[in-house]
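Everything on this sheet refers to the single structure shown next.
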Amino acid sequence: MADVRDALMVGKTSDGKLVRRPLSPHLQVYKPQITSALSIFHRVTGVALSVGTLMLVWWLVAAATSDAAYATASGFIGSWFGMLLLFGWTVALWYHFCAGIRHLFWDAGYGFELPTVHLTGKLVLAATVVLSVLTWIVIFAVR
Amino acid sequence: MADTKGPEIAIRRSMLGRARGLGAAKSGTAHWWAMKATSLALIPLTLWMLGSMIGLQGATRAQVAAWAGGPITATLLLATIAALFHHMYLGVQTVIEDYIHDERPRIAWLMVAKGVAWLLGLASAISVLKLAFTG
């Protein structure tokens, strides 16, 4: 017996004829566009931030464990490699933050016109750069 | 498309029978709302966390403990942890469901993701509580 999903691939045209539903073209046949690229960035930064929570958890657990554990954790975070991770993390955070707000506007029903979509996409990218640079200026200023 | 015979329905079932059990009409709305609610909560909480972490650069463990152990800070930290790990799991769940098509590995990976999210969240929450209660 055929897979039940085969039955779901059968559709009906408006004149009642049975047709096999076409498969939508996938990523590799599309020209990259700002819309699709930003959507992919949102997912990639989300996954990267998920991995980044490990450092946050380590820092919290170390603070609750002992002075030695905290010294190890803060020593790693303050090392050049830790700072590099933190830098990537702040950029990913600001992108995900701004693109997430853009998503919330879409969910509320705003900003679907193509020129608006392109404009807000560019705004998200610009805001990511500005906020990341500002964050690191503040980080070094407070130090 | 050399097939001139056209497609046939391999399994004869009613429209309802075909749709039943396959749709997303059971938990999709709750997932969507939880994503929105945690996103909204994380807007102020993330800004607060980022600002606090920048202020805590170079702090000793005792200073971090004094900061994290305050009742308001501890409350906000726990709220951040809950919203963050819930939001994280919902996102990772979507990624797993999109890319892992076979049911067994998909369910296995979903369980792993949920377990990791719970463990990380619990470890963070316990740490905050320990700092709040014992310093």
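Read the figures in this text as sums done on the coordinates, not as results from a lab. This is a predicted model, so every value here is computed, not measured. Glycine gets a Cβ as well: all are built from the backbone with ideal geometry, and neighbour counts include every protein chain shown.
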Quick one: net charge around residue B:112, please, counting Lys, Arg +1 and Asp, Glu -1 for every other residue with C-beta under 14 Å from its C-beta.
+2
Give a quick list of chymotrypsin sites (Phe, Trp or Tyr not before Pro) in the stretch A:10-89 that DSSP marks as loop, anything other than H, G, I, E or B, with at most 12 other Cβ atoms within 10 Å.
A:30
Net charge near residue A:65: determine it from the other residues with C-beta under 10 Å of the C-beta of residue A:65, scoring Lys and Arg +1 and Asp and Glu -1.
+1
If each of residue B:101 and residue A:36 carries a label point 7 Å out from its Cα toward its Cβ, how far apart are those two points in nm?
1.8 nm
Quick one: pull the percentage of alpha-carbon pairs in the stretch B:62-104 with a separation above 15 Å.
60 percent
Tell me which residues come under 5 Å, amide H to amide H, from residue A:10 once H is placed; ignore anything under 5 positions away on its chain.
A:21
So which residue, out of A:82, A:16, A:100, gets the largest mean-square fluctuation from a GNM of chain A using Cα contacts under 10 Å as springs?
A:16
In Å and on Cα atoms, what radius of gyration and Dmax does the protein assembly as shown show?
23.7, 78
Long-range tail of P(r) for chain A (Cα pairs > 22 Å, %):
61 percent
Which of the chymotrypsin sites (Phe, Trp or Tyr not before Pro) across the stretch B:45-127 are loop residues per DSSP, with 15 or fewer other Cβ within 10 Å?
none
Expected integer from the mean partner chain Cβ neighbour count at 10 Å over A:56-69 is 6
Taking the alpha carbon gyration tensor of the stretch B:27-134, what are the square roots of 5 times its eigenvalues, largest first, to the nearest whole Å?
31, 15, 11
Could you tally the net charge around residue B:64, taking each other residue with its Cβ under 14 Å from the Cβ of residue B:64, Lys/Arg +1 and Asp/Glu -1?
+1
Looking at the stretch A:1-86, which trypsin sites (Lys or Arg not before Pro) are DSSP coil and have at most 11 other C-beta atoms within 10 Å of their C-beta?
A:17
